[in-house]
Structures are given as C-alpha cells and as structure tokens.
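The values are calculated or read from the model by the stated rules, or taken from the named source; none is laboratory data. Here the structure is a predicted model, which means the values were calculated and not measured. Cβ placement follows ideal geometry from the backbone for every residue including glycine, while neighbour counts extend to all protein chains displayed.
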Amino acid sequence: MSVGLTLRDQRAELNVFRQRLMVAGLLALAALGVLVVRFVWLQVIQSEHFHTLAEANRISVVPVVPNRGLILDRNGEVLAANYSAYTLEITPSKVENVERAIEELSKVIEVAPRDRRRFKRLQEESKNFESLPIRTRLTEEEVAKFAVNRYRFPGFEIKARLFRSYPHGDIASHAVGYIGRINEADVGRIEEQGATTNYKGTNHIGKLGIEGAYEKELHGTTGSERVEIDAGGRAIRALSRAEPQSGNNLMVTLDIKLQRAAEEAFQEYRGALVALDPKTGDVLALVSKPGFDPNLFVDGIDPANWDALNSSADKPLNNRALRGQYPPGSTIKPFLALAALATGKRTPEQTIFDPGHWMLPGVSRPFRDWKPGGHGTVNLHKSIVVSCDTYYYGLANDLGVDAIHRFMTQFGFGSRTGVDIDGELAGLQPSTDWKWQRFKQRWYAGDTISVGIGQGYWLATPLQLAASVATLANGGTSVRPRLVRAVQDARTQEVREIPVAQGEAVAVKPEHLELVKAAMIDVTRPGGTATRAAQGAPYLIAGKTGTAQVVAMKSGEKYDEKRVRERHRDHALFIAYAPADDPKIALAVLVENGGHGGSTAAPIARAVLDFHLLGKRTAPRLPAGDPEAEGD
Amino acid sequence: MISRAFDFLSRRIDGPLMVSLVLTLALGLTVVYSASGGASFDRVLGQGRNIAIAATALWVVANIPPQALMRLAVPIYSAGLVLLIGVALFGEVRNGARRWLNLGFTTVQPSEAMKIAVPLVLAWYFHRHQEAIKLRDYAVAAILLALPVGLVVRQPDLGTALLIFASGFFVIFLAGLSWKVLATLFATGLASLPLLWGMLHDYQRRRVLTLLDPSEDPLGAGYHIIQATIAIGSGGVLGKGWLNGTQAQLDFVPERSTDFILAVFGEEFGLAGNLLLITLYVLIVARGLMIAANASTTFARLTAGAVTLTFFTYAFVNMGMVSGILPVVGVPLPMVSYGGTALLSILVGFGILMSISTHKQLVSS
C-alpha cells in the first residue's frame, strides 16, 4: 500500500466528509430557519391573540355579592336583617364519598341529623359542583377545630357568608316572606329579566311576600373582583375590585307592634286580618294564621320541617289574607244597601216586614233569616244594624245579579286589589255571564238570593274586604293596598317615597254613604250585632259583622254548631273602621270556623283598633268553649 | 504557579466552544430560577451541582486522547448494551416506562450513555474499515445502531431512541453512504410509516395526532402544547420580563423547568430571547462542525460530526415540540432544562469534541 494512494484515498474521503458536513450544516440552518419563522409567527404576528389567551388564563372575575337591603317597619323596627356567619360547605363533585366524609366530619364538629337531612335535600336539588352548606353558624371554636383537620377533608370549605334573619320569627311572616336558595324556576326568571350577571355568586333569592316582590330593590348590584389565579384555580392576588352596591332598604307600611298585637289576638284561631290606613292604602297589619318561622328557610329548610309545614291541615304556608277566598257573608250588606240607594230600588224610609223567612215567588222553599221569627219591621238602617237577611233576600231579587256585579266591581270585589306583593287571588263576583262561561248553565233566580247575603257563589279575600271597607271609610274613593311605602337608597341614604296610588271614586252619593256609615256605627252600639265587642271604646267604630257558612245547610234544618265538627263551623267575619268620624284604620277580620262575627271576629278587631288608636294592649274577649250566639 | 494551574486546567479546553457553552449554561440557570417560581434557589443550586459534575466529566474526557477514546468505544458500547438488556429484564418501571436499572448503590438510565457510545462505536467501526467501506459495512453499522435503538424504543422512550438513532445515523451519513442508498432508505422509511404507526403505543399516537390538532383534546395531551404556545406567543417580541411570565409563574406551563422550559424562556424573554438562544446554539454547532472538518482521523471526524449534529437535533426537536411544530417526545432543551442525566451526556460529548480539537497536532504529526 503506497503512501500516495493512502494520501489520495484520505483526501477523497476527507472531501466526501466535508461535503457531507456542509450538507448537514445547511440542513441544520434550514431547520433553524423554520423555527425562527415559527417564533416570528407566534411572537410577532399572533402575539396579540396569545396575549389575550394568557390573560384569560390568569384572570378570573369573581363576583362580590352585595348586602341585601333591610326591611324596616313604619317605625324603623327591623323586620329582616343580615348577619355574617361561618358556614362549612361541601362541593360534592370534589369529594369521593360524601357520606363517609360527613361521618368523619361529625367526629370533629357536631353535625346534627337535621343538618344531614337538609344537606341531602340540597344535594338532590342542586348540581354536583355547587358548594352546599353542611353546617351553618359555626362557632369560632368549631371553625378552629375544623381548620386543624381540614387537610382530611378535601372539597370542604369554611366560608363567611351573609345570612338573612327575621328577628320577629313568625310574626308577619306572610307579609315579609322569606328568601331561599335559588332553584331552577328562579334561574329561569332571572334569565328572563336578563339579570344573570347580577346574580353570579348569589345563592338566595326572595321567594315570597315583600322579599319576593321587591327582590329587585333588595338584591343590589353585584360587584366583581379581578383575581389572578394559578392553573389550579387558586386565587393568588386581587388585581382590581368593583365594589358591589348594597340592596336598597325598604320602609314598610306595617307596624310590627300592631301586627304582633293582632296575631296575639287570634290566640289559637286560624284566619286572617288586614288593617289598612284608609287614606293611603298602607297595610298596617297583615295577618294570616297560623304563620311559620321564615328563618327555617334561610339556609335551606330540612325535610322534617318542610313536611310538617306542607302537610299540616292548618296550611300555615297559605297566605289567607291574599289567597283565602271566603264567602263574605253579611259583611257585604252595607255595600248592597248602597247599591239599593244608588239604583233607587230602595229609599231609606221604605220598610219591609220580616217574618223570619223570605219566599221567592214560584218557589216553595223559604229562605230563612238568621233570627228565627224575624226582625219585624225593618228599614235600610235597621237592616244593617241587626243584619236582617230577609231585607237583603228581597233586595237582591229586585237588583238582579248583574246589577250587583256591576256595583260591587267598583268596590274591588271580583278583582285583585293590586297589592304590591305576589300571589293575590281575585275572589269571585258572580254574574250570569260568569256562570254561563264557567258551568254552561243559566243563572237561576234562587242563585241571586244567596248572593244577597254574601253567600252562594260570592267569594272575597280578606284583603278585598279590607280594601272595600277602606273605600267606605275614605268617602267612596278606592285605595290600593301597599306594603312598601318608601325605598332608601343604599348609597345615598336618600329615601324615595313611593307615591300613593290615585284611587278611583265610586259612583255613590255622599248622603247615601252617610246613611250607610251611620248604620255601621249603630252596629257597634247597643242593639247592634257587635255591641259587646265595642263596649267601652272611647272612639266611634263603624263595623259590620258577618257569618259565612262552610257547608251548605239543607233548608229547614236547624243549624247546630255543637253537632258540626269544628272544621265545619261557620267562619266569623267583621269589617270596621275607626274612629268613625275621622277614620285612621280600616280592617277586615276573618276567623276560620270562628262561629259568629260579632262574638269571635269583632273582639279581635277591637284589640287591633285599641292598640292602633290608643296604643294599649287589650286582651280580646273571645268566646270560651261554647260561644254564646250573639247573632249574625 | 497559578498560570501553570490554569494551563493544566485549560490545556485540553477549546476556547470558543467553552465560551459558548458557559454562556448557554448561564442562561439556562437564570431560566431554571424563574421556572422554579423565582422564590427559592433549591433548583438553581441543584442544577449548579449537575453542571459541576457534568463539567468535571467534560474536563476528564477532554483530557483523554482520541486514540484512547477509540479503544474505549467497544467496551463502552458493549457495557451499555448489556445494561440495556438488563433494563429490559430487570428494569424499574416509573411512569409506565421501564428505563431505570437499580445497581444496588445507584439507579442508572443506560439509554443516556448510548447517545455517546453509539457514535463512538460506529466511528470506530468505520475507522477500522476506512480503506474500503463497503455496503456490508453499512449494514453492520446499521445493526450496531438498531440494537440499542430497538431496546430503547421498547422501554418505551421515544425521545431518547430518536436521539440515539440520530447520533448513529449521522455517523453513517458522514461516512459517505451513497445518496442513492440514502434515497432508497428514505423512500422505504416513508413507505413503512403505516407499519411504524401500528407499532406505536397509544399515547405516542395521541401525541402525533395532538400535534396535528391540539384543540382536539384541550385538557388532555393537547394541554401541554396549547399552554406552551400561549406562553411563547404571549411573550411577544421582548417578553414579559424575567420572573414575570404569567403562564410560567402561575403554573399553566406544564413541566416548566424540564422539557417545556423553552415556554418559560420564550414568554419572559420574547422573540429576542429565542433568537439569542438560537444564536448560541448556532455558535456551538458551527464550532463543532469546524472541529469535525479539521479533525485528523476518520474516527475523530465522524465522532465530532455526529456529536455536534446530535446536539443540534436535541435542540431542534425540543424547540420544535414546545413551539408546536413537532410531536411531543421527551427531549429536554440542551443545557437549559433542569436535569443532570441529559446534561452529563451532552457535556461528555463536548468533552470528546474538545479532546479531538486539542489533540489534533499530536495525531497528525
């Protein structure tokens, strides 16, 4: 092997090698060129886009829930307030075995069976990733105990939350209402109002009463906090914050002391009472008995309480004042008397003779007066004072149901009063049209006769009765009942009065009104049906008693209270306003199965009038055990 | 005295290459600090220790003459192969892959050593047959290469296998395998892609598919790529500043101090930083190719060329995968990513380059 050859070979090999190295180097450069193009694409051309994505990654907008507005009564007494408390919440989706975890938790802090049941109920109602309270109102000690053990409980979190409290418990519960956790129906409503953003972070919403109807005022505006988060979603630091704006405070027309006095006056009776300021329609008291404790609903009601409230025969959740539709009974006699005068069907002096019953021509069945033997000679004034049924049987027959319907509609019967909370029912003011549409039956003359004493098809709510008596007291101008009289702006503290709705004048002559009013005053004087209840009152009361039959009585059958089961006893009613010469309060009382209006409902009214006008608390003298019949 | 000590230390060190390496390593440390959250020096100190160990290895290797390295090639390769077989039989499984071998006193990852052993042994083989390299020799070289690559693919460790394959392929390529054969191989390779696809593990296939469309699986395999590109792209031209990368500091970038450290760097230092890093790599590669071009023996040339090109492959594959143009394979960013094993094999490779560069005169005389 010659050196030359080796050298040549070496040179050739070196050339190949260097050539290959060059190729490799160029390929490498080309590859780097691709990389540089890629970097320019990402970091120059698309940089803006990626910057946006990076910001979206790191910035999370957390809603800051506003404080809910307070509800204050007309004297500034707090009816609904907020307090901050610790809750222990579980996000079920983050916990492997929720039940076992709760079992473990119960070894650290107390978990009552009630808490478990409520949690279970909430779990069924909500989505898996929602944070649900297992314990509320933790003490500082419990918070500390849990904090030490928190590593054992992933998916559990202590949160400081604002709670609603109703310091007066079940007093005025139907008027004030309550808040509860937002359910699917609420979500739908919120979406409809386009308020979804404002409800981010909010768990509770007003469900009933003022809390429900004035949700918009009370809720406030949700603020937001821009928070920097890491990939695990943990907040690192706050970047900026838009403060929430608290909900507005509501100044309510209720007088909670009067309300309490009214509710206590009911003792164990079921029923409803609505007291209005006849000039403004301000609701001074709105009672529906029995009530319930709205505090039970605030952190999710537990199934036991829920079932108890729902299945009770007393229906405590039903707002009888707005939704109870009862035959108004004799309380409508003053209005029928007005109709008689307005239509000219009766003059004040015109008398009838009441033999204790009334015969509809062509019908053999007699319509009985409540008083066996009758009231003798009765004119319009006396017909109201002694509540003569016979007088009104004939009057109704003369007026006809459609004239009654037309006249009563002016006083608000058969339609909603327009009170500013939801759920009100319209009652029923019957007419021939109505019966035809409802039953495809023609109206019988006999139907009209029952309507003459507020029975038959006629149904009214206690609120309607109160509004109609307020119209009387107001000199014939209708009022619209309202529960909220002013809104206090949370930021400026400015109080914005809600204007009183302009009432409509009812087509009655003042002299006719005076006649009826005078008769209503005599109802509460010796000889009237509410004499006893009004005894000793240092102010004038204008009133009218009523008794509404619960089951239709067969004609000719003597109605005996003692024999009928308690639930089938008559409802007792009383409407009134006082002082009769300068009305400051108008009210309607309905006592379910209370017997007679004069003996059961009127004493409750008296207690309320006394409290409102005299500021003193008097125990109503309700009939004990065997109510002595005092007439209708 | 001091100058003699300096002379002793620097005699076998290639100046230009060393400067580039030191700059890149320094850059790496600053990024590791940022990628570890910028709150503790633990990772930086750990990486400093890794660098110290690897630099010592570099110095030791640089002081071994190329002839001695050539003699070591076969023993190292054989030992590596035995250890790889050992891994396949008794290896420890971590994260679903059998890559580690417990030797009692320490656990090793023999596949790393193969990144050095394969080019050495192939260069040795071609050196021995330099008078007349026949097609048969290429076949033998291919077998020498296929054995470790196959074993590593089976672990499975696609990234390392790819780099071992690249290191061996570069030797074969530089040794002068004819373009015709290369073209045929390339065509065959393309044709066998479907076959290869069938052999891939599910997760490997997903990675390739994810590359084609990361949005397909934004929370799974695509998450890495999406977040990394967001990080790099949002860095813009000048970056968000050191320690200020939101994607990096808030943990959106996965494996931010190891395989995906480029995302941290690109976010905080922007396009400018990326170009600086590419420039440093270009300097290193250029110096390496220069050393290879001027090396005096076939063994030295082939080894130097292959080591340099492998280093380039390292850098390119990592940058390509983090910026979303290559599938995600577990390859760290050389000399920047946190971790000792890869760093050791890289600096040993540069030790070999320095040995070749500084022992040249002795050999050629």
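Conditions first: (1) aromatic (F, W, Y); (2) within 30 Å of the chain's Cα centre (by Cα); (3) more than 20 Å from A:Y83 (Cα to Cα). A:F153 passes all but one, so which condition is the exception?
Tallying (1) aromatic (F, W, Y); (2) within 30 Å of the chain's Cα centre (by Cα); (3) more than 20 Å from A:Y83 (Cα to Cα), A:F153 fails exactly one: (2).
Got a sec? Which of A:R368, A:R346 is farther than 16 Å from A:I449 by Cα, crowded, with 18+ Cβ neighbours inside 10 Å, in contact (Cβ under 8 Å) with a residue 24 or more places away in the chain and within 44 Å of the chain's Cα centre (by Cα)? Steps first, please.
Details: A:R368 fails: farther than 16 Å from A:I449 by Cα.
Just one listed residue meets the conditions, A:R346.
Inspect segment A:58-69 for any residue being within 8 Å of chain B (Cβ to nearest Cβ), closer than 28 Å to A:R234 by Cα, touching a residue at least 40 places away in the same chain (Cβ under 8 Å) and surrounded by 12 or more Cβ atoms within 10 Å (Cβ to Cβ) and give the result as yes or no. Step through it out loud before you land on a result.
At the first step, the residues of segment A:58-69 found to be within 8 Å of chain B (Cβ to nearest Cβ) are A:58.
Then keep just the ones that are closer than 28 Å to A:R234 by Cα; that gives A:58.
After this cut, where a residue has to be touching a residue at least 40 places away in the same chain (Cβ under 8 Å) as well, the list is A:58.
Checking the rest, the ones that are also surrounded by 12 or more Cβ atoms within 10 Å (Cβ to Cβ) come to A:58.
The answer is yes; a qualifying residue exists.
In segment A:472-519, which residues are in contact (Cβ under 8 Å) with a residue 60 or more places away in the chain, surrounded by 15 or more Cβ atoms within 10 Å (Cβ to Cβ), of a type outside the set (V, I, T) and closer than 22 Å to A:S415 by Cβ?
A:L472, A:A473, A:N474, A:S478, A:R480, A:P481, A:R482, A:L483, A:A501, A:G503, A:L513
Just name the residue that is nearest to B:G320 (Cα to Cα) out of those in segment B:256-272 that are within 11 Å of chain A (Cβ to nearest Cβ) and of a type in the set (G, A, S).
B:A263
Among the residues of segment B:100-111, is any part of a helix (DSSP H, G or I) and either over 18 Å from the mean Cα position of the chain (by Cα) or buried (at least 19 other Cβ atoms within 10 Å of the Cβ) (or both)? Let's see the steps before the verdict.
Here is the first cut: in segment B:100-111, the residues part of a helix (DSSP H, G or I) are B:110-111.
After this cut, where a residue has to be either over 18 Å from the mean Cα position of the chain (by Cα) or buried (at least 19 other Cβ atoms within 10 Å of the Cβ) (or both) as well, the list is B:110-111.
Yes: one or more hits.
Working only within segment B:167-201, note down all residues that are within 11 Å of chain A (Cβ to nearest Cβ), surrounded by 15 or more Cβ atoms within 10 Å (Cβ to Cβ) and small (G, A, S). If you could, list the steps in order and put the result at the bottom.
Just the residues of segment B:167-201 that are within 11 Å of chain A (Cβ to nearest Cβ), to begin with: B:169-179, B:182.
Okay, now just the ones that are also surrounded by 15 or more Cβ atoms within 10 Å (Cβ to Cβ), so B:169-177.
B:A175, B:G176 - these are the residues of segment B:167-201 that are within 11 Å of chain A (Cβ to nearest Cβ), surrounded by 15 or more Cβ atoms within 10 Å (Cβ to Cβ) and small (G, A, S).
Tell me whether segment A:256-263 contains one or more residues that are farther than 26 Å from A:S468 by Cα, buried (at least 22 other Cβ atoms within 10 Å of the Cβ) and either in contact with a strand residue (DSSP E or B) (Cβ under 8 Å, 6 or more places away or on another chain) or free of Cβ contacts under 8 Å to residues at least 40 places away in the same chain (or both). Write out each step before concluding.
Let us first name the residues in segment A:256-263 that are farther than 26 Å from A:S468 by Cα, namely none.
No; the residues of segment A:256-263 include none that is farther than 26 Å from A:S468 by Cα, buried (at least 22 other Cβ atoms within 10 Å of the Cβ) and either in contact with a strand residue (DSSP E or B) (Cβ under 8 Å, 6 or more places away or on another chain) or free of Cβ contacts under 8 Å to residues at least 40 places away in the same chain (or both).
Does at least one position in segment B:37-60 carry a residue that is surrounded by 13 or more Cβ atoms within 10 Å (Cβ to Cβ), in contact with a Lys or Arg (Cβ under 8 Å, 6 or more places away or on another chain) and more than 25 Å from B:L353 (Cα to Cα)?
So far as segment B:37-60 goes, no, none of its residues is surrounded by 13 or more Cβ atoms within 10 Å (Cβ to Cβ), in contact with a Lys or Arg (Cβ under 8 Å, 6 or more places away or on another chain) and more than 25 Å from B:L353 (Cα to Cα).
Which is over 20 Å from B:F316 (Cβ atoms) and within 8 Å of chain A (Cβ to nearest Cβ), of B:L238, B:L275, B:L243, B:L250?
Result of the check over B:L238, B:L275, B:L243, B:L250: B:L250.
Of all the helices (runs of 4 or more DSSP H) wholly in segment A:170-238, which have at least 1 residues that are over 22 Å from A:F292 (Cα atoms)?
A:184-192, A:215-219
Within segment B:250-305, track down each residue that is modelled with pLDDT of 95 or more and at positive phi.
Answer for segment B:250-305, where residues must be modelled with pLDDT of 95 or more and at positive phi: just B:G270.
Please return the ranges of helices (runs of 4 or more DSSP H) entirely within segment A:34-140 where 2 or more residues are touching a Pro at 6+ places or on another chain (Cβ under 7 Å) and either hydroxyl-bearing (S, T, Y) or at pLDDT below 95 (or both). Before the answer, list the steps.
Details: elements: A:47-58, A:98-105, A:113-125.
Here the list reads A:113-125.
Out of the residues in segment A:70-100 that are out of contact with any helix residue (DSSP H, G or I) (no Cβ under 7 Å at 6 or more places or on another chain) and hydrophobic (A, V, I, L, M, F, W, C), which is farthest from the other protein chains (Cβ to nearest Cβ)? I'd like the intermediate steps shown before the answer.
Filtering segment A:70-100 for residues out of contact with any helix residue (DSSP H, G or I) (no Cβ under 7 Å at 6 or more places or on another chain) gives A:70, A:72, A:74-76, A:78, A:81-85, A:87, A:89, A:91, A:93-94, A:96-97, A:99-100.
Those still in the list that are hydrophobic (A, V, I, L, M, F, W, C) too: A:70, A:72, A:78, A:81, A:85.
On the way: A:L70: 41, A:L72: 46, A:V78: 45, A:A81: 40, A:A85: 33 Å.
Checking each candidate, the answer is A:L72.
If a residue has to be under 16 Å from B:V171 (Cα atoms), at the interface with chain B (Cβ under 7 Å from one of its Cβ atoms) and not small (G, A, S) to count, how many in segment A:11-37 make the cut? Show your work before the answer.
Kept after step one, since they are under 16 Å from B:V171 (Cα atoms), are these residues of segment A:11-37: A:13-25, A:27-28.
Now drop any that are not at the interface with chain B (Cβ under 7 Å from one of its Cβ atoms), which leaves A:13, A:16-18, A:20-21, A:24-25, A:28.
Okay, now just the ones that are also not small (G, A, S), so A:13, A:16-18, A:20-21.
Count: 6.
Which count do you get for residues in segment A:275-298 that are surrounded by fewer than 24 Cβ atoms within 10 Å (Cβ to Cβ) and of a type in the set (D, E)?
2
Checking B:L89 against (1) surrounded by 13 or more Cβ atoms within 10 Å (Cβ to Cβ); (2) out of contact with any helix residue (DSSP H, G or I) (no Cβ under 7 Å at 6 or more places or on another chain), which test does it fail?
Tallying (1) surrounded by 13 or more Cβ atoms within 10 Å (Cβ to Cβ); (2) out of contact with any helix residue (DSSP H, G or I) (no Cβ under 7 Å at 6 or more places or on another chain), B:L89 fails exactly one: (1).
Which ones in segment B:298-345 are within 11 Å of chain A (Cβ to nearest Cβ) and not in a helix (DSSP H, G or I)?
Matches in segment B:298-345: B:S323, B:G324, B:I325, B:L326.
Going by what's in this entry, would A:A629 be described as at pLDDT below 90, aliphatic (A, V, I, L, M), closer than 30 Å to A:G373 by Cβ and not assigned by TED's automatic domain parsing to the domain that holds A:S364? Can you show your working first?
Details: at pLDDT below 90: yes; aliphatic (A, V, I, L, M): yes; closer than 30 Å to A:G373 by Cβ: yes; not assigned by TED's automatic domain parsing to the domain that holds A:S364: yes.
Here the answer is yes, as A:A629 does meet what is asked.
Given the structure, is A:P167 under 18 Å from the mean Cα position of the chain (by Cα) and modelled with pLDDT of 90 or more?
Taking the combined requirement at face value, the residue satisfies it.
Please go through (1) within 14 Å of chain B (Cβ to nearest Cβ); (2) surrounded by fewer than 17 Cβ atoms within 10 Å (Cβ to Cβ); (3) among the hydroxyl-bearing types (S, T, Y) for A:S47 and return the number of the only condition it doesn't satisfy.
It is condition (2) that A:S47 fails.
Can you find a residue that is in contact with a Gly (Cβ under 8 Å, 6 or more places away or on another chain) and under 25 Å from A:K517 (Cβ atoms) anywhere in segment A:341-349? Let's see the steps before the verdict.
Our first condition is that a residue be in contact with a Gly (Cβ under 8 Å, 6 or more places away or on another chain); within segment A:341-349, this holds for none.
No.
Condition (residue is over 21 Å from the mean Cα position of the chain (by Cα) and either touching a residue at least 40 places away in the same chain (Cβ under 8 Å) or surrounded by fewer than 17 Cβ atoms within 10 Å (Cβ to Cβ) (or both)) applied to segment B:17-24: is it met by at least one residue?
If we filter segment B:17-24 for residues that are over 21 Å from the mean Cα position of the chain (by Cα), which is where we start, we get none.
No, that holds for no residue.
Can you go through A:R237, A:R152 and tell me which one is loosely packed, with under 14 Cβ neighbours inside 10 Å and within 16 Å of A:V62 (Cβ to Cβ)? Walk me through it before giving the result.
On the way: A:R152 fails: within 16 Å of A:V62 (Cβ to Cβ).
That would be A:R237, the only listed residue that is loosely packed, with under 14 Cβ neighbours inside 10 Å and within 16 Å of A:V62 (Cβ to Cβ).
Go through (1) closer than 19 Å to A:P294 by Cβ; (2) crowded, with 23+ Cβ neighbours inside 10 Å; (3) outside the structural domain of A:V608 (by TED's automatic domain parsing) one by one and return the number of the condition A:A272 breaks.
Status for A:A272: all satisfied but (3).
Taking B:L280 as meeting all but one of (1) within 11 Å of chain A (Cβ to nearest Cβ); (2) under 21 Å from B:T308 (Cα atoms), write down the number of the exception.
Among (1) within 11 Å of chain A (Cβ to nearest Cβ); (2) under 21 Å from B:T308 (Cα atoms), B:L280 violates only (1).
Report yes if some residue within segment A:408-426 is part of a loop (DSSP other than H, G, I, E, B), under 23 Å from A:L360 (Cα atoms) and free of Cβ contacts under 8 Å to residues at least 40 places away in the same chain; otherwise report no. Give the steps one after another, and end with the answer.
Pass one, segment A:408-426, residues part of a loop (DSSP other than H, G, I, E, B): A:411-426.
Now narrow it down to the ones that are under 23 Å from A:L360 (Cα atoms): none.
No, segment A:408-426 has no match at all.
Can we say A:I498 is hydrophobic (A, V, I, L, M, F, W, C), out of contact with any Pro (no Cβ under 9 Å at 6 or more places or on another chain), within 30 Å of A:N249 (Cβ to Cβ) and modelled with pLDDT of 90 or more? It would help to see each step written out before you state the result.
Working: hydrophobic (A, V, I, L, M, F, W, C): yes; out of contact with any Pro (no Cβ under 9 Å at 6 or more places or on another chain): yes; within 30 Å of A:N249 (Cβ to Cβ): yes; modelled with pLDDT of 90 or more: yes.
Yes, satisfied.
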